[in-house]
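The values are calculated or read from the model by the stated rules, or taken from the named source; none is laboratory data. If you're wondering where the values come from, they're calculated on a predicted model, not measured in any experiment. Note that we place each Cβ from the backbone using ideal geometry, even for glycine, and neighbour counts take in every protein chain shown. Note: areas computed on protein heavy atoms with side chains; ligands, DNA, RNA excluded. Shrake-Rupley method; radii C 1.70, N 1.55, O 1.52, S 1.80 Å.
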There are 2 protein chains.
Amino acid sequence: MKKIEVRISGLGGQGVVLAGQILGRAAVYDGKNVVQTQSYGAEARGSIAKSEVIISDDKIGFPMVRKCDILITMNQEALDRHLKDVKEDGVLIVDSTYVKKIPETKAKIFKIPATEHVEKAFGDRIYANMLMLGALTKATSIVSEKTMKKAIQDAVAKNTANINEEAYQKGKESIQ
Amino acid sequence: MKKIEVRISGLGGQGVVLAGQILGRAAVYDGKNVVQTQSYGAEARGSIAKSEVIISDDKIGFPMVRKCDILITMNQEALDRHLKDVKEDGVLIVDSTYVKKIPETKAKIFKIPATEHVEKAFGDRIYANMLMLGALTKATSIVSEKTMKKAIQDAVAKNTANINEEAYQKGKESIQ
C-alpha cells in the first residue's frame, strides 16, 4: 500500500465523521500514517457532511484528498457531488437505502442497504455508519478486521459497543 | 472574525487531538464553519502530535493551516518545530511545565503550567488539555464560554465531565 485516500460523505447525523475517525484509528493501529479531516458547519448542517482519511506507509505530505481511491456515500446528493472525484480504478460503496441512482462510472460499485439493515436489526438507523465500515473492511481490506474492531470498541460508548460491533459484522456479511 | 487558524501540538498522549475536536465542536455550536484535521501515525507516536482547527464565518476553501493565528504547544520540540508558523500578530499559548525555552517571537505569549496545575489538583496529567482550552478561551475569545463548556460535556465520558470542566475553569483563571 502506498497511499489510500478515502472520502466518506452523507447527511449530517449519519455518522460520517465518527466513521472517519474510527477508520483513521484502525489504520494507526495497523502501523500506518494517517491524516483525518472533517468539515462541519453551514456546509454540514442539514446538508452534506464530509470526512476524509488518508492512509499511507510513508509520511503524508499533502493532507487533502483530491482524487479518492474509495468513496463512501450515504446520501444521493453526496454521491452526485463527489462521484467525479473517484479514481477510475477506485471503489464506490453506497448506502442504497438513500442512494438510488448511480451515474455511469468506471469505479467498482458496492450497493449496501445499510440504513434499512440496521433499522430492521436494531430499530435504529444510527448504526448504519458501522455497517458501512464493515462493508468497507471486507470489500477493500485497507485495514485489518482486528484493528477495525478495536477501533470501534475504543470509539463508541461502552453500552453500545456490542450493537456497533454487530452492525459492523452485518456490513462484512453484506459483501460477497 | 474572518478566519482563524489554530494549531495544537504536543506529544502523543497529551490529548491535542481531543482538544482540537472540542474546539471545533464549540465553534460549530457558535454557528461557524469549521475544518478540523488531525495527523496520527509514525510522526505522532512517541513524537509530535498535531491537531488543526480552522474557524470561519465563511466557507473554508483551503483546509490546511499554513500560518497560525493561534499556536498551542504542550511540548518543547513541538514549539521548536511550529513557532515559525505563527503570524506576527499571533498568539502563542504554551504548557510551561514542558516548554521551558521560547525563542524570540513577535507573537503574544501566554505561559501556563498546565500539566503541573492538573497533577496538583486532580492527581492526573491527562486533564492538561482541558486546562489549555480554558486558557485559550479566556485569552482569545475565539469561541464563547457557553459553547466550549457544552462541547466539553458532549465530548468526554460522563463520569469525568466534572473534572474536565474544573480543569477548563482553572485554565480560564490562569489568564489574567
*Once the principal axes of the Cα atoms of segment B:23-160 are found, what is the range along each, listed largest first in whole angstroms?*
39, 37, 32
_Over all directions, how big on average is the projection of the convex hull of the alpha-carbon atoms in the protein assembly as shown, in square nanometres?_
16.9 nm²
*HN-Hα J couplings of segment A:59-73 from phi, Karplus 6.51/-1.76/1.60, θ = phi - 60°, integer Hz, Gly and Pro as x?*
5, 9, x, 10, x, 10, 7, 9, 10, 8, 6, 9, 10, 10, 10
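Would you compute, from DSSP H runs of 4+ residues alone, the mean residue ellipticity of chain A at 222 nm, taking -39500 (n - 2.57) per run and dividing by the full residue count, rounded to the nearest 500? The partial results should precede the final answer.
Values: 6 runs with 67 residues, N = 176.
Taken over chain A, the calculation gives -11500 deg cm²/dmol.
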_I'd like the accessible area for residue B:11, computed on protein heavy atoms only with a 1.4 Å probe and all protein chains in place. Round to 10 Å², please._
60 Å²
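Counting other Cβ atoms within 10 Å, keep those with at most 10, restrict to DSSP loop, and tell me which GluC sites (Glu not before Pro) in segment A:79-176 are left.
Numbers: sites: A:88, A:104, A:116, A:119, A:145, A:165, A:166, A:173; in loops: A:104.
Those satisfying the criteria are A:104.
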*Count charges around residue B:66 for me, please; just the other residues with Cβ under 12 Å from its Cβ, Lys/Arg as +1, Asp/Glu as -1.*
+1
*asked:* Within chain B, which is the longest segment that contains none of the trypsin sites (Lys or Arg not before Pro) sitting in a DSSP loop with at most 13 other Cβ atoms within 10 Å?
replied: B:107-176
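Quick check for you: with a 1.4 Å probe and neighbouring chains kept, what is the accessible area per residue of chain B, in Å²? All intermediate terms of the calculation are to be shown ahead of the outcome.
Working: 7800 Å² over 176 residues.
That works out to 44 Å² for each residue.
Tell me the carbon and sulfur percent of the accessible area for chain A, rounded to whole percent, probe radius 1.4 Å. Could you put the intermediate results ahead of the total?
Working: 3870 of 7830 Å².
Here carbon and sulfur together make up 50 percent of the probe-accessible area.
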*Pull out the extension gain between residue A:57 and residue A:154, defined as 0.36 nm times the separation in residues minus the alpha carbon to alpha carbon distance; nm, one decimal.*
32.6 nm
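Can you give the accessible area buried between chains A and B, summed over both chains, with a 1.4 Å probe, in Å² to the nearest 100?
When A and B are taken together, about 1600 Å² of accessible area is lost.
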*If each of residue A:76 and residue A:161 carries a label point 7 Å out from its Cα toward its Cβ, how far apart are those two points in nm?*
4.0 nm
